[in-house]
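The values are calculated or read from the model by the stated rules, or taken from the named source; none is laboratory data. Values in this document were obtained by computation on a predicted structure and should not be read as measured data. All Cβ positions, glycine included, derive from the backbone under ideal geometry; neighbour counts span all protein chains shown.
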Amino acid sequence: MTGSPRHDGQPGERESLGWREWVALPGLGIRLVKAKVDTGTRTSTLHAFYVEPYEADGVARVRFGVHPLQHNSRRALECDHPLLDERWVSDSGGHRELRCVIVTTLVIGVRQFPVECTLTNRDTMAFRFLMGRTALAGRFSVDPARCYLAGRPGGRRHRPGA
């Protein structure tokens, strides 16, 4: 169903997303990352080339490194964030992995909301971020024939080659 954006919890049509979109994760210092909108994935996933859970002052935290750009391992961000949980996750190949889970703010187009993300190495995958169905539920519908319907985070529209 396509339509105008709506506010969470209020009646109205859902905003449509394409199968890939630009998103930002400002709480992690990620201004722009290409995301695959994946209705087959329950929880969103962020590429992290290393993940180190630890405890500081009785609070569970996690350090991790992110390569936000596809096919570019030179640009790296070092992140440190509260750890929500550790969960067993099955990937698309059926392999189970214990992953750290964080909650951070996701910005897509002009909308922003908290999202749970698992952290795992996605070096061999095409997208550094998967937006799972729990982030989509009640907010968006997906048009698998289209891309970049939300524009860039903050409301700027995507321009090919930009």
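Determine, yes or no, whether HIS47 is farther than 22 Å from VAL89 by Cα and either charged (D, E, K, R) or out of contact with any His (no Cβ under 6 Å at 6 or more places or on another chain) (or both). Here the answer is no, as HIS47 does not meet what is asked.
Scanning the stretch 67-80 for residues that are under 15 Å from THR45 (Cβ atoms) and either at pLDDT 95 or above or over 17 Å from the mean Cα position of the chain (by Cα) (or both) returns a single hit, CYS79. When the stretch 85-120 is filtered for residues that are among the hydrophobic types (A, V, I, L, M, F, W, C), modelled with pLDDT of 95 or more and buried (at least 16 other Cβ atoms within 10 Å of the Cβ), the ones remaining, listed by number, are CYS100, VAL101, ILE102, LEU106, VAL107, ILE108, VAL115, CYS117, LEU119. If you take the residues of the stretch 31-62 that are part of a loop (DSSP other than H, G, I, E, B) and touching a strand residue (DSSP E or B) at 6+ places or on another chain (Cβ under 7 Å), which of them is nearest to LEU106 (Cα to Cα)? Within the stretch 31-62, the match that is nearest to LEU106 (Cα to Cα) is THR43. When the test is whether a residue is acidic (Asp, Glu) and at pLDDT below 95, ASP123 passes it. Please give the number of the condition GLY65 fails out of (1) in a strand (DSSP E or B); (2) in contact with a helix residue (DSSP H, G or I) (Cβ under 7 Å, 6 or more places away or on another chain). If we test GLY65 against (1) in a strand (DSSP E or B); (2) in contact with a helix residue (DSSP H, G or I) (Cβ under 7 Å, 6 or more places away or on another chain), just (2) comes out false.
For the stretch 124-133, does any single residue satisfy the condition of being over 16 Å from TRP22 (Cα atoms) and either in contact with a strand residue (DSSP E or B) (Cβ under 6 Å, 6 or more places away or on another chain) or among the aliphatic types (A, V, I, L, M) (or both)? Yes, that holds for at least one residue.
Restricting ARG156, ARG133 to those that are touching a Lys or Arg at 6+ places or on another chain (Cβ under 8 Å) and either modelled with pLDDT under 95 or not acidic (Asp, Glu) (or both) reduces the list to ARG133.
For the stretch 57-67, the count of residues that are acidic (Asp, Glu) and in contact (Cβ under 8 Å) with a residue 60 or more places away in the chain is zero. When the residues of the stretch 94-132 are filtered to those that are in a strand (DSSP E or B) and polar (S, T, N, Q), the one that is farthest from ALA76 (Cα to Cα) is GLN112.
For first residues located in the stretch 121-136 and touching a residue at least 12 places away in the same chain (Cβ under 8 Å) and under 17 Å from GLU97 (Cβ atoms), partners that are among the hydrophobic types (A, V, I, L, M, F, W, C) and surrounded by fewer than 20 Cβ atoms within 10 Å (Cβ to Cβ) and lie 6+ apart or on another chain with Cβ distances below 6 Å form the pairs ASN121/PHE49. Take SER141 and tell me if it is touching a residue at least 12 places away in the same chain (Cβ under 8 Å), in a loop (DSSP other than H, G, I, E, B) and more than 21 Å from LEU28 (Cα to Cα). Judged against the criteria, SER141 is not a match.
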